[in-house]
Amino acid sequence: MSEGETRAWERAPVLTVEHLTMRFGGLVAVHDLSFTAGRGDITALIGPNGAGKTTVFNCITGFYKPSEGMITLAHPDGSTFLLERLDDYRIASKAHVARTFQNIRLFSGMSVLENLLVAQHNRLMRASGFTFAGIIGLGTFRRAEEKAVELAKYWLERTGLLERADDAAGDLPYGDQRRLEIARAMCTQPVLLCLDEPAAGLNPRESHELNQLLLSIRESENISILLIEHDMGVVMEISDHIIVLDYGEKIADGTPQQVRTDPAVIAAYLGVEDEEVEAVEKEILQ
Amino acid sequence: MEYFLQQLINGVTLGSIYGLIAIGYTMVYGIIGMINFAHGDIFMVGAFIALIFIIALGFTAGTSFILLVLALMLVLVIAMVLTSIWGWTVERLAYRPLRESFRLAPLITAIGMSIVLQNLVQILQGARVKPLQPIITGGYVIMEKDGFVVNLSNIQILIVVTTVILMAVFSLIIARTELGRAQRACEQDRVMAALVGVNVDRTISLTFVIGAALAAVAGLMYLLYYGVIDFYIGFVAGIKAFTAAVLGGIGSLPGAMLGGMTIGLIETFWSAYFTVEYKDVAAFSILAIVLIFLPSGLLGKPEVEKV
């Protein structure tokens, strides 16, 4: 990329976080954080343990109400949503932000297919006239249900889970549960997909497959992905844009190439004192 | 044998009423893990609403059959709708504001709500028992031997048939419809359900509405069967139905139906073969014994600690 060219996250941000601060009592988990995520980009949020990555995620997905700051989501049609002002379920149903969890949270007692149908709740609820028309057996509900099952099947196929559609979600092996969580998030038809450590606990082969899946989702679905990841292999391979956090503050922001050579990042990851940063920098530049 | 058969019929009828109320307990427990102690009184409110509309419409046993059926259906629908509004209101006022509070808080407001409903009805309708002339009369003689007649009355048929139909319909709602799916999702993980776009508050409200509607059906059946109601019937019936829900495995819908039947049958048979005074003791003793050996009830799933 040449110097003069503007990047997607500067030109057309899907998510704009401005001056986000999150305090828990006296503890400041995130302090005055501003960043943007570009439309169609895979944006990675990285940083050492306790850097505040998951807190940022929780603010974006309505888990926490930020102490300060603004989080704006822009849809492709131009409408914008202030995420910090929406109720938790409206973030999914109105703003179309979906997320997955570091420790998987499926509806484990329900079947794989049902997990994906719940994710299409609002469409089905409307089509069934809040269930009551559905009981009478109105055609609109059956058609909506068929469409929902079709979408679910599509995602089961993409994630390679089609044969397990009727199994209880909790009975799937770990790697399959990870992919099912992504499939469920995709069934909400998100504009922004937030993945909290999607590769955690996967073996190298599964992790590679996950990369392919995420790249193909971005390719085909016209969505933006924001992910937290520890596995640097994954991050460097698939992301277009990396934001590095340390102690709740942004210390670097740029392309994988830029971030990889950023001395502050290296210092943060290696745990170097501030004074030594320059020394480290020299070492790298040699 | 004849005596046994007659008691079986009576027991199933009583069990149906308990089962209908027990569903309200079990569904609410399933979705928010709280015992709605005001549910028995919602049942009582349903019975009073039914009584008021039966008197207002002015039909009696003498009314022609078609008209009687239509009028009863109308009363049933009105009672279900109005009682649902009560159920919704109780949840909205007394439980939702405390949902994020500590676990015992909604339990205490539930007991408070129960007292409020009882006293409200006592003030509005008076403390004396309200009688209703039998509306559905007649029946069939199934068997007659040595002068003992086994009767199956029309009202018993009506109660059992209505119960079976409604239980089937509501089981289908839970298993097949989007609302049922959302309810089960909320049962498992309310936070995650909200994150995939399920309006959790609305789903919980609808659960209360369904529970109250079924309690209203039970209220109308109770009124038609026994012919007397007062402001206090909700307490005893509520405790019995709660017992039924626990016996069947709280949180399980078929469990509530099975538990209701079991409690109804135990009570009836105990009264028939032993003493009427100790029928409640018998029912609760059996509950205690079952819970010793099956702590999660007859059909309940054992609670799995989430790691």
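Tabulated results
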{"quantity": "Selection count, the range B:214-227, where residues are buried (at least 24 other Cβ atoms within 10 Å of the Cβ) and among the aromatic types (Phe, Trp, Tyr)", "calculated": "1"}
{"quantity": "Any hit, the range B:265-282, residues being under 25 Å from residue B:84 (Cβ atoms), touching a Leu at 6+ places or on another chain (Cβ under 8 Å) and modelled with pLDDT of 90 or more", "calculated": "no"}
{"quantity": "Yes/no for residue A:211 being surrounded by fewer than 15 Cβ atoms within 10 Å (Cβ to Cβ) and either closer than 22 Å to residue A:17 by Cα or modelled with pLDDT of 85 or more (or both)", "calculated": "no"}
{"quantity": "Only listed residue being farther than 30 Å from residue A:171 by Cα and in contact (Cβ under 8 Å) with a residue 24 or more places away in the chain, chosen from A:61, A:72, A:80", "calculated": "A:72"}
{"quantity": "Residue match in the range A:34-46 (condition: free of Cβ contacts under 8 Å to residues at least 24 places away in the same chain and of a type outside the set (Asp, Glu))", "calculated": "no"}
{"quantity": "Meets criteria (within 14 Å of chain A (Cβ to nearest Cβ), surrounded by fewer than 24 Cβ atoms within 10 Å (Cβ to Cβ) and modelled with pLDDT of 90 or more) for residue B:205", "calculated": "yes"}
{"quantity": "Pick from the range A:57-98, criterion of a type in the set (D, E, K, R) and over 16 Å from the mean Cα position of the chain (by Cα), ranking: farthest from the other protein chains (Cβ to nearest Cβ)", "calculated": "A:68"}
{"quantity": "Selection within the range B:93-106 - surrounded by 14 or more Cβ atoms within 10 Å (Cβ to Cβ) and of a type in the set (Lys, Arg)", "calculated": "B:96, B:99"}
{"quantity": "Strands (runs of 3 or more DSSP E) contained in the range A:35-116 and holding at least 2 residues under 29 Å from residue B:204 (Cβ atoms) and of a type in the set (A, V, I, L, M)", "calculated": "A:68-74, A:97-99"}
{"quantity": "Flag for residue A:107 being surrounded by fewer than 20 Cβ atoms within 10 Å (Cβ to Cβ), of a type in the set (A, V, I, L, M, F, W, C) and in contact (Cβ under 8 Å) with a residue 24 or more places away in the chain", "calculated": "no"}
{"quantity": "Any hit, the range B:187-199, residues being within 15 Å of the chain's Cα centre (by Cα), without any contact (Cβ under 8 Å) to a residue 40 or more places away in the chain and closer than 27 Å to residue B:91 by Cβ", "calculated": "no"}
{"quantity": "Yes/no for residue B:109 being in contact with a helix residue (DSSP H, G or I) (Cβ under 6 Å, 6 or more places away or on another chain) and either assigned to a helix (DSSP H, G or I) or surrounded by 15 or more Cβ atoms within 10 Å (Cβ to Cβ) (or both)", "calculated": "yes"}
{"quantity": "Failed item in (1) assigned to a strand (DSSP E or B); (2) within 14 Å of another protein chain (Cβ to nearest Cβ); (3) in contact with a helix residue (DSSP H, G or I) (Cβ under 6 Å, 6 or more places away or on another chain), with residue A:195 passing the rest", "calculated": "(3)"}
{"quantity": "Condition check for residue A:169: more than 17 Å from residue A:212 (Cβ to Cβ), among the aliphatic types (A, V, I, L, M), within 12 Å of another protein chain (Cβ to nearest Cβ) and surrounded by 22 or more Cβ atoms within 10 Å (Cβ to Cβ)", "calculated": "yes"}
{"quantity": "Number of positions in the range B:120-131 that are assigned to a helix (DSSP H, G or I) and surrounded by 13 or more Cβ atoms within 10 Å (Cβ to Cβ)", "calculated": "4"}
{"quantity": "Any hit, the range B:164-176, residues being of a type in the set (S, T, N, Q) and surrounded by 18 or more Cβ atoms within 10 Å (Cβ to Cβ)", "calculated": "no"}
{"quantity": "Extreme residue, nearest to the other protein chains (Cβ to nearest Cβ), among residues of the range A:100-127 that are touching a helix residue (DSSP H, G or I) at 6+ places or on another chain (Cβ under 6 Å) and closer than 19 Å to residue A:227 by Cα", "calculated": "A:105"}
{"quantity": "Residue count for the range B:132-189, restricted to those that are more than 10 Å from chain A (Cβ to nearest Cβ) and part of a loop (DSSP other than H, G, I, E, B)", "calculated": "9"}
{"quantity": "Lone qualifier among B:211, B:234, B:238 - being buried (at least 21 other Cβ atoms within 10 Å of the Cβ) and in contact with a Leu (Cβ under 9 Å, 6 or more places away or on another chain)", "calculated": "B:234"}
{"quantity": "Residues satisfying the stated conditions in the range B:162-178, i.e. touching a Ser or Thr at 6+ places or on another chain (Cβ under 9 Å) and β-branched (Val, Ile, Thr)", "calculated": "B:162, B:163, B:164, B:173, B:177"}
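Every residue, every condition in (1) under 14 Å from the mean Cα position of the chain (by Cα); (2) more than 17 Å from residue B:11 (Cα to Cα); (3) not acidic (Asp, Glu), yes or no:
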| site | (1), (2), (3) |
| --- | --- |
| B:227 | no, yes, yes |
| B:234 | yes, yes, yes |
| B:242 | yes, yes, yes |
| B:249 | no, yes, yes |
| B:254 | yes, yes, yes |
| B:263 | yes, no, yes |
| B:275 | no, no, yes |
| B:278 | no, no, yes |
| B:285 | no, yes, yes |
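The values are calculated or read from the model by the stated rules, or taken from the named source; none is laboratory data. Note that the structure is predicted; figures quoted are calculated from it, not measured. Neighbour counts run over all protein chains shown; Cβ positions are idealised from the backbone, glycine included.
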